[in-house]
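S.K.: Following this message is one structure expressed as structure tokens.
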Amino acid sequence: MQTREVIEESATEDRHMGPAMLVPYAIMFVAFVVYPVGYGVYLASDPASYIQLFKDPAYLTAVANTLLILLVAINLKMALALLISGFFVHPYAWIRWLSVVFLLPWAIPSLISVLSIRWMLNAEWGMLNNIWFQLTKQDGPQWLLHRDYALMSIMYVHIWKSLPFWTLILLAARLGIPKEFYEAARVDGANAFQRFRHVTLPSLWGVYFTSTVLSMVWNLGDFSTVYLLTGGGPGSSTQVLATLGIRYAFQMNDIRGGVAVVVTALPLLIPLTIFLMRRLKRGGLEAQ
Amino acid sequence: MKTSHLRAGATILSHLKSRASHTRHFIAKSAMVLGLVGAAAVSLTTAPSYAQEQVTVWWNKGYYQAEDDAIRSTIEKFQKETGIKVNLSLYSQEDIVTKSIAAVEAGDPPDVGFGSQYDLYAFAQWASLGKLEPVDAIVTPLKDTLLPVALEGIQVVNTKTGKRSFYGLPISANMGHIFYWRDMLEQAGFKSSDIPTKWGDFWNFWCDKVHNGIRAKGLRVYGVGNPTSVTGDTFAEFMVFMAAYDTTIVKPDGSLTTSDPVVRGKLIQIIKEYVGIYTSGCTPPSSITWNDSDNNTNLNNRTTVMTPNASLSIPGSWLDKKDDDVYYNKLVTADLPYGVNGKPFANPTRVQPAVVFADAKNKAGAQKFLAYLARPENYDEYVRASLGRQIPVVKRFLTDPFWASGKDPHRAMVAKLYANELQPMPMTYNYKISKANSENVWAKAMLRVIQDKVSPEQAVDEMIKRLNEIVAN
Amino acid sequence: MKISQLRLAPVGLLILIWTLFPVYHILVMALTPAHDAVSGAIFPKSLTLENFRIVFGQKHHFLDHFWIQLGNSLFVAIAVSFVVIFIASLASFAITRLKARGGEAVSNLALLTYLLPAAFFVIPIYQTINRYGLLDTRLGLIATMVSFATPYAIWLLNQAGANLPKELDEAARIDGASSLQLFWLVYLPLLAPSLVAVGTYALLLSWNEYLYALVLLSSEDRMTVPVGLNNFLNSDSPPWNLLMATGLIYSLPPVAIFFFCRKFLVGDLAEGAVKG
């Protein structure tokens, strides 16, 4: 049949055309992914840098901080996003406008917002402690000067900055829940909390879980927030792996040490990534 | 069947084509607009290239405008005289160290580099490991005109060749002194003549009397701005404390003194005293997170009455703003007190060299540039134009009216500081101390006491352990 | 389902304060004279547009190259955006429509590189860019940003491409269209919204990039605005007011894009990120 021939003919052409169209990507991939990663592996192959690393108390602090931020900030943020998405789901005009404003932290380049917040949190002259002083007549907490407060501040900035994004994800997922589910629950006499517990939560669970893991993976590589807010200080008490690696390489003249810091994050990063790849490749999250 | 199929296909295709042409029009138009904007951006930013000899120079970006103008005008004259084109890049004080270290590591450094913190973190290490080009040909003829401490600071033994050479042209020097606000001191109820000259009394005066005096006036101001963070300023201040306690960390032969119980005992006392300034609350709580510029910022904003410092950047910035009242009347540069033993001590002096990198592409051109800058008329003009931020390293300035006429109170004080005994920084004797500076073992020990509440004894033992490790490696 | 708006109002107010307080802080600092900017006052004593005049006129030591740096930011962002669209649309067409051999592997690699945190590669990438002689060039930053933005772009276009009905291709084939014609006349036009989406994504990613720009660019006339802003802090009297005024100007394009494109940003970009 003629049609079949036409299609087959073009299929022959496709055998060349298809791979040819992948060439630009392949070139980019080899030049800017394979080569650097290979180079990184080469740099990472010196056992001495790991010995030195494990001796450095700043490294242990960085591991602890990284894990702490990952567990506390991400979960807190996702829980907040879940709750707030329940607010934005209401179809009123003013809420739609509020949702536009709500996007601002996500839209403003982090350099600007984080530096501004850094000054805002300045213990002596910042706006926050100024308000605190006017309200209580006492000096406020030393936000960026104590490890605990400084970590809290880092978490605060992280949440402020990325809450809108994850709220939108969960909002979209919420809007995807069929109305009938809620109707049915109502007919069964479920109250608001029960509807949340038995309809919303199970429907959102897949998206929620994947989002949490994805956010953790991304956060492992969050350099700017910590670097710009505390610079890892005071001392090295708020260093995380992403900032410590760069400090080693570019400030302490120890490139191999810097790569080693990153490599030690792989045992955590690889399983999370594999998990995500499986999950994302299975397609739509709503189905899960 | 077949024909209808085909017709359907044709219809879809023509429909798509018309849609496509719309979209393509749109895309083409947007592409054109964006392309034009992009092209404009490129034409704005692409530097013209010349087929002439070029020298790449990385220079420390100034704290204020005059410093940048000074190096630019030197370069302009150099270009006119030699026909060599200079590609100048100005990097901030922290970035230039980071960038230069990375560039040296990658084997692609500029030809000439001058970072005002090279000496703290990199200079001695580079020179020892053969990363710098010896510049004896430039420095040796100048030997008699340079201050001894400057010569000492740039002389390093290359560990590969075992040869001692000059590895840089000294541009400026820094040594400990203080700045304070005369008017605020008076507000606190004191006069300049009340400032004690004994070490302990001196700190009590600022930290206790002045601090409380100014607070009693209801001002939210701190008596002292004492850097206690992971920065070069803290290192320099720590070295001043060590000198005041008549002790050092490295002997001139490069070996550590840390096994000496007397040194350990003094280090413990120093940590106690230094940390005490912080814990007593007379320096802003944020001192433990300050960057190098923050003690300046706090003094300039009049939130501290006094700050220890090593350069003239603070008065320089007021001169740059043409604020004569502050420069001549309110802001005071003053000498440090005597040491703990009641005698003057040798002031630890940082020497900041401009260097030629061993892997530079145009070493000959780089040397020409340094030789040009080293010529008395050019050097003096550069130093003057940068309004005194750079404290000069040549003997002639001690008699140069610009510095020594006494009309300028800050410069006069610098001339006086130079008359005191000076000593080089420990990196000069052992380049591995630069690594201790990068890690800032000094500030870390103090932060252990402040933050982690360990005893000063333990903090010092940890510091000594780390220093031994660093030097042994 | 109908909770009264009155009960929602306090929540809305909380969200508003939470969101806007730091934004207000940027505004206050950008609109006050040098000395008041750092005073921490909640309501500034005086407001001025002087800071913006200084920025636009490049009338400060740290703003010598403001317009050039803004041009660099724009140039890098637009270039990255176009290159990403080019590479990703070809690749996704080959994968989803031509079922090219190796296509599956490319998708997987793309997904993998998308998931790995960019900051972890900064050291080897710095060395690589240096080997290529691209350090301190806009091209080096563009190449790097392209390699970070392309994986997600391919991923997103693969989704969109796979959703196009197969019959379209067949019909076009019967009309005698070659693969390239199919790509140009059918695939690209139908995917136009997704192309705009990935282009915007790449644009924003590059515009906002701080770490790589900081590490790769060093000359004042080649750096992008975020690197230039970083230099402000290296001063003994950092002009916070000018820093924030410049930052505010720099934030306007992304904020405008978010405002006008929020529909598809929310639809395509945000969801695509996790939906895969």
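The values are calculated or read from the model by the stated rules, or taken from the named source; none is laboratory data. Since this is a predicted model, take the numbers as computed values, not measurements. For neighbour counting, all protein chains shown are included, and Cβ atoms are generated from backbone atoms with ideal geometry for every residue, glycine included. Keep in mind that these areas ignore ligands, DNA and RNA; they rest on the heavy atoms of the full protein, side chains included. Shrake-Rupley method; radii C 1.70, N 1.55, O 1.52, S 1.80 Å.
S.K.: Compute the Rg/Rh shape ratio of segment A:79-178: radius of gyration over Kirkwood radius, all on alpha-carbon atoms.
M.R.: A ratio of 1.08.
S.K.: Using just the helices of chain C, give the 222 nm mean residue ellipticity in deg cm²/dmol: DSSP H runs with n ≥ 4 each add -39,500 (n - 2.57), and the total is spread over all residues, rounded to 500. Please report the intermediate quantities before stating the final value.
M.R.: Details: 13 runs with 188 residues, N = 276.
So the calculated ellipticity at 222 nm is -22000 deg cm²/dmol.
S.K.: To continue, here is another question. In terms of the Cα gyration tensor, with a ≥ b ≥ c the square roots of its eigenvalues, is segment B:53-142 rounded because a/c is under 1.5, prolate because a/b exceeds b/c, or oblate?
M.R.: Cα axes put segment B:53-142 in the oblate bin.
S.K.: If you don't mind, another one. Enumerate the amide H contacts of B:Thr349 below 5 Å, restricted to partners 5 or more residues apart or on another chain; note that Pro and chain-start residues carry no placed amide H.
M.R.: Amide H neighbours of B:Thr349, under 5 Å, 5+ apart: B:Gln423, B:Met425.
S.K.: Next question. Taking θ as phi - 60°, what are the ³J(HN,Hα) couplings along segment C:186-196 by the Karplus curve (6.51, -1.76, 1.60), each to the nearest whole Hz, with x for Gly and Pro?
M.R.: Once rounded to whole Hz, the list reads 10, 5, 4, x, 5, 8, 3, x, 5, 5, 4.
S.K.: Of the options C:Gly71, C:Leu168, C:Ser179, report the single residue whose Cα projects farthest towards the positive end of the charge dipole of segment C:56-181 (beta-carbon charges: Lys, Arg +1; Asp, Glu -1).
M.R.: Of C:Gly71, C:Leu168, C:Ser179, it is C:Gly71.
S.K.: Quick check on the protein assembly as shown: what does the Kirkwood estimate of hydrodynamic radius come out to from the alpha carbon pairs, in Å?
M.R.: Values: mean 1/r = 0.0321 Å⁻¹.
Value: 31.2 Å, from the Cα pair sum.
S.K.: Mean shadow of segment C:195-238, computed from the convex hull of its alpha carbons, in nm²? Could you put the intermediate results ahead of the total?
M.R.: Details: hull surface 14.7 nm².
Computing the convex hull of the Cα atoms and averaging its projections yields 3.7 nm².
S.K.: Would you please state the base-10 log of I(q)/I(0) at q = 0.19, 0.20, 0.22 1/Å for segment B:242-378, with intensities from the Debye formula using one equal scatterer on every alpha carbon?
M.R.: Treating every Cα as an identical point scatterer, log10 I(q)/I(0) equals -1.20, -1.23, -1.32.
S.K.: Give the list, by residue number, of cysteines in the protein assembly as shown with no other Cys Cβ closer than 4.7 Å, or say none.
M.R.: Isolated Cys, the protein assembly as shown: C:Cys261.
S.K.: Nearest 20 debye, what's the magnitude of the dipole of chain A about its Cα centre given +1 on Lys and Arg Cβ and -1 on Asp and Glu Cβ? The partial results should precede the final answer.
M.R.: Numbers: 20 positive and 16 negative charges, 137 e Å.
So the dipole magnitude of chain A works out to roughly 660 debye.
S.K.: Taking 8 Å as the Cα distance limit and 6 or more residues as the minimum spacing, I'd like the relative contact order of chain A as a percentage.
M.R.: Values: 256 pairs, mean separation 74.3, N = 288.
Rounded, it is 26 percent for chain A.
S.K.: Nearest-5 percent of antiparallel DSSP beta bridges in the protein assembly as shown?
M.R.: On the way: 23 of 38 bridges.
If we restrict to bridges inside the protein assembly as shown, about 60 percent are antiparallel.
S.K.: Once the other residues with Cβ under 14 Å from the Cβ of A:Leu83 are scored (Lys, Arg +1; Asp, Glu -1), what is the net sum? Before the final figure, lay out the partial values.
M.R.: Details: positive: A:Lys77, A:Arg174, A:Arg197; negative: none.
Every neighbour counted, the sum reads +3.
S.K.: State whether segment A:27-153 is rounded, prolate or oblate according to the following rule on the C-alpha gyration tensor (a ≥ b ≥ c being the square roots of its eigenvalues): a/c under 1.5 gives rounded; otherwise a/b larger than b/c gives prolate, and the remaining case gives oblate. Intermediate results must be reported in sequence, preceding the final value.
M.R.: Details: a/c = 2.41, a/b = 1.38, b/c = 1.75.
It is oblate, given that a/c is not under 1.5 and a/b is not larger than b/c.
S.K.: To continue, here is another question. Lys/Arg Cβ at +1, Asp/Glu Cβ at -1, dipole of segment B:203-259 taken about the Cα centre: which of B:Pro252, B:Gly225, B:Val210 is farthest positive-ward?
M.R.: Looking along the dipole axis, the top candidate is B:Val210.
S.K.: Which net charge results for the neighbourhood of A:Glu124, defined as the other residues with beta-carbon distances under 14 angstrom from its beta-carbon, given Lys and Arg at +1 and Asp and Glu at -1? Intermediate results must be reported in sequence, preceding the final value.
M.R.: On the way: positive: A:Arg118, B:Arg215, B:Arg220, B:Arg302; negative: A:Asp139, B:Asp294.
Result for the local shell: +2.
S.K.: Then there's this: Give me the accessible area per residue for the protein assembly as shown, probe 1.4 Å, as a whole number in Å².
M.R.: Value for the protein assembly as shown: 39 Å² per residue.
S.K.: Among B:Leu319, A:Thr136, C:Ile123, whose Cα sits farthest toward the positive end of the charge dipole of the protein assembly as shown (+1 at Cβ of Lys/Arg, -1 at Cβ of Asp/Glu, about the Cα centre)?
M.R.: Positive-end residue among those listed: A:Thr136.
S.K.: For the C and A pair, go ahead and give the buried accessible area with a 1.4 Å probe, both sides summed, in Å² to 100.
M.R.: Numbers: alone 16420 and 17880 Å², together 25240 Å².
Accessible area lost upon association: around 9100 Å².
S.K.: When the gyration tensor of segment C:119-276 is built from Cα positions, what are the square roots of 5 times its three eigenvalues, in whole Å, from largest to smallest?
M.R.: Details: eigenvalues 292, 80, 32 Å².
Working from the Cα gyration tensor, I get semi-axes of 38, 20, 13 Å.
S.K.: Still on this structure: Take the alpha carbon gyration tensor of chain C, find the square roots of its eigenvalues, order them as a ≥ b ≥ c, and report rounded if a/c is under 1.5; if not, report prolate when a/b exceeds b/c, else oblate. Please list the in-between numbers first.
M.R.: Values: a/c = 2.56, a/b = 1.53, b/c = 1.67.
It comes out oblate by the Cα gyration axes.
S.K.: When the distances between all Cα atoms of chain A are binned every 5 Å from zero, what whole-number percent does each bin get?
M.R.: 1, 5, 9, 11, 12, 13, 12, 11, 9, 7, 5, 3, 2, 1, 0, 0, 0, 0
S.K.: Using a 10 Å cut-off around each Cβ of peptide B:218-225, what is the average number of partner chain Cβ atoms that fall inside? Write down the numbers at each step before the final one.
M.R.: On the way: counts 0, 0, 4, 0, 1, 0, 0, 0.
That average works out to 1.
S.K.: Shielding of A:83-91 by partners, i.e. mean partner chain Cβ atoms within 10 Å per residue? Before the final figure, lay out each step's value.
M.R.: On the way: counts 1, 4, 0, 2, 6, 2, 1, 7, 1.
Across A:83-91, the average partner-chain Cβ count within 10 Å equals 3.
S.K.: Taking loop as defined by DSSP and a crowding limit of 13 other beta carbons within 10 Å, which chymotrypsin sites (Phe, Trp or Tyr not before Pro) in segment A:78-141 fit? Display every interim value, and only then the final one.
M.R.: Values: sites: A:Phe87, A:Phe88, A:Tyr92, A:Trp94, A:Trp97, A:Phe102, A:Trp106, A:Trp119, A:Trp125, A:Trp132, A:Phe133; in loops: A:Tyr92, A:Trp125.
Taking segment A:78-141 and a limit of 13 other Cβ atoms within 10 Å, the loop chymotrypsin sites (Phe, Trp or Tyr not before Pro) found are A:Tyr92.
S.K.: Sticking with this structure for a sec: For a quick check, take a GNM of chain C with Cα springs below 10 Å and name the residue from C:Ala192, C:Ala88, C:Ala30 with the largest mean-square fluctuation.
M.R.: Among C:Ala192, C:Ala88, C:Ala30, the largest GNM mean-square fluctuation belongs to C:Ala192.
S.K.: Out of segment C:79-158, which chymotrypsin sites (Phe, Trp or Tyr not before Pro) are coil in DSSP terms and have no more than 15 other C-beta atoms within 10 Å? Please list the in-between numbers first.
M.R.: Working: sites: C:Phe82, C:Phe86, C:Phe93, C:Tyr114, C:Phe120, C:Phe121, C:Tyr126, C:Tyr132, C:Phe148, C:Tyr152, C:Trp155; in loops: C:Tyr132.
The qualifying sites are C:Tyr132.
S.K.: Put a dot 7 Å past each Cα toward the Cβ at B:Asn212 and C:Leu8; how far apart are the dots in nm?
M.R.: 6.0
S.K.: From the convex hull of the Cα coordinates of segment C:1-52, what is the mean projected area in square nanometres? Each step should come with its number before you reach the end.
M.R.: Details: hull surface 19.5 nm².
Result: 4.9 nm².
S.K.: Give me the tail of P(r) for segment A:196-288 as a percent: Cα-Cα pairs with distance above 20 Å. Provide the component values of the computation, followed by the final result.
M.R.: Numbers: 2186 of 4278 pairs.
In whole percent, the long-distance tail amounts to 51.
S.K.: Based solely on its DSSP helices, what 222 nm [θ] is calculated for chain A when runs of n ≥ 4 H residues each add -39,500 (n - 2.57) and the sum is averaged over all residues, nearest 500 deg cm²/dmol?
M.R.: Numbers: 17 runs with 207 residues, N = 288.
Taking each H run of at least 4 residues, the total per residue is -22500 deg cm²/dmol.
S.K.: Bin all alpha-carbon pair distances of segment B:427-467 at 5 Å intervals from 0 and give each bin's fraction as a whole percent.
M.R.: Pair shares across the bins are 7, 26, 28, 19, 12, 6, 2.
S.K.: Dipole magnitude of the protein assembly as shown about its Cα centre, charges +1 at Lys/Arg Cβ and -1 at Asp/Glu Cβ only, in debye to the nearest 20?
M.R.: Working: 88 positive and 78 negative charges, 434 e Å.
So the dipole magnitude of the protein assembly as shown works out to roughly 2080 debye.
S.K.: Against the longest alpha carbon principal axis of chain B, how many degrees, from 0 to 90 and to the nearest 10, is the axis of helix B:261-279 turned?
M.R.: 70
S.K.: What does the convex hull of the Cα atoms come to per residue for segment C:1-150, in Å³?
M.R.: Values: hull volume 35.5 nm³, N = 150.
So the per-residue hull volume is 237 Å³.
S.K.: Which trypsin sites (Lys or Arg not before Pro) in segment A:104-151 sit in a loop by DSSP (not H, G, I, E or B) and have at most 16 other Cβ atoms within 10 Å of their own Cβ?
M.R.: Working: sites: A:Arg118, A:Lys137, A:Arg147; in loops: A:Lys137.
Answer in residue order: A:Lys137.
S.K.: What stretch of chain B, leaving out the sites themselves, is the longest with no trypsin sites (Lys or Arg not before Pro) in a DSSP loop having at most 15 other Cβ atoms within 10 Å?
M.R.: Values: sites that count: B:Lys160, B:Lys163, B:Lys191, B:Lys198, B:Lys217, B:Arg220, B:Arg302, B:Lys321, B:Lys322, B:Lys361, B:Lys407, B:Lys453.
Between exposed loop sites, the widest span is B:1-159.
S.K.: What ranking, highest mean first, results for peptides A:194-206, C:55-67 when packing means the other Cβ atoms within 10 Å averaged over each residue? Could the numbers behind the result be given before it?
M.R.: Details: A:194-206: 16.0, C:55-67: 18.1.
Peptide ranking by packing, descending: C:55-67, A:194-206.
S.K.: So what's Rg/Rh here for segment B:326-473, counting alpha carbon atoms and using the Kirkwood radius for Rh? Walk me through the numbers before you get to the answer.
M.R.: On the way: Rg = 20.3 Å, Rh = 19.2 Å.
Rg divided by Rh gives 1.06.
S.K.: Of all the Cα-Cα pairs you can form in segment B:178-223, what percent are over 12 Å apart? Don't jump to the answer; show the numbers that get you there.
M.R.: Numbers: 578 of 1035 pairs.
The answer is 56 percent, as a whole percent.
S.K.: Which far-off residues, 5 or more places away or on another chain, put their amide H under 5 Å from the one on B:Ala358, with H placed in the peptide plane?
M.R.: Close amide H contacts, sequence-distant or interchain: B:Leu132, B:Glu133.
S.K.: Right, something else. Tell me, what ³J(HN,Hα) does each residue in segment B:212-221 have, in order and in whole Hz, if you take phi through Karplus 6.51 cos²θ - 1.76 cosθ + 1.60 with θ = phi - 60° and put x for Gly and Pro?
M.R.: Those phi angles translate into 6, x, 6, 5, 5, 7, x, 9, 8, 10 Hz.
S.K.: Tell me the angle of helix C:66-96 to the major Cα principal axis of chain C, expressed in degrees between 0 and 90 and rounded to the nearest ten.
M.R.: Approximately 20 degrees, to the nearest ten.
S.K.: Compute the orientation-averaged projected area for segment B:315-358 from the convex hull of its Cα atoms and round it to one decimal in nm². Don't jump to the answer; show the numbers that get you there.
M.R.: Numbers: hull surface 24.2 nm².
Computing the convex hull of the Cα atoms and averaging its projections yields 6.1 nm².
S.K.: Another one. Starting from the eigenvalues of the Cα gyration tensor, five times each then square-rooted, give me the equivalent ellipsoid semi-axes of segment C:174-265, largest first, whole Å. Kindly include the intermediate steps, with their values, before the conclusion.
M.R.: On the way: eigenvalues 329, 55, 11 Å².
The three semi-axes for segment C:174-265 are 41, 17, 7 Å.
S.K.: Kindly provide the helix-only [θ] at 222 nm of chain B, computed as the sum of -39,500 (n - 2.57) over DSSP H runs of four or more divided by all residues, to the nearest 500 deg cm²/dmol? Don't skip to the answer; put the middle values down first.
M.R.: Values: 21 runs with 234 residues, N = 473.
Computed ellipticity for chain B at 222 nm equals -15000 deg cm²/dmol.
S.K.: What's the average, rounded to a whole number, of partner chain beta-carbon atoms within 10 Å of each residue's beta-carbon in B:84-96? Provide the component values of the computation, followed by the final result.
M.R.: Numbers: counts 0, 0, 0, 1, 2, 7, 5, 5, 7, 3, 5, 7, 2.
The shielding value for this peptide is 3.
S.K.: With the Cα gyration tensor of chain B in hand, give its eigenvalues times 5 under a square root as the equivalent ellipsoid semi-axes, listed largest first in whole angstrom.
M.R.: Working: eigenvalues 462, 180, 135 Å².
Over the Cα atoms of chain B, the semi-axes work out to 48, 30, 26 Å.
S.K.: Each residue of segment B:55-70 in order: what ³J(HN,Hα) in whole Hz does its phi give by Karplus 6.51 cos²θ - 1.76 cosθ + 1.60, θ = phi - 60°, with x for Gly and Pro?
M.R.: Result, ordered by residue: 10, 9, 10, 9, 10, 5, 5, x, 6, 9, 4, 4, 4, 5, 4, 4 Hz.
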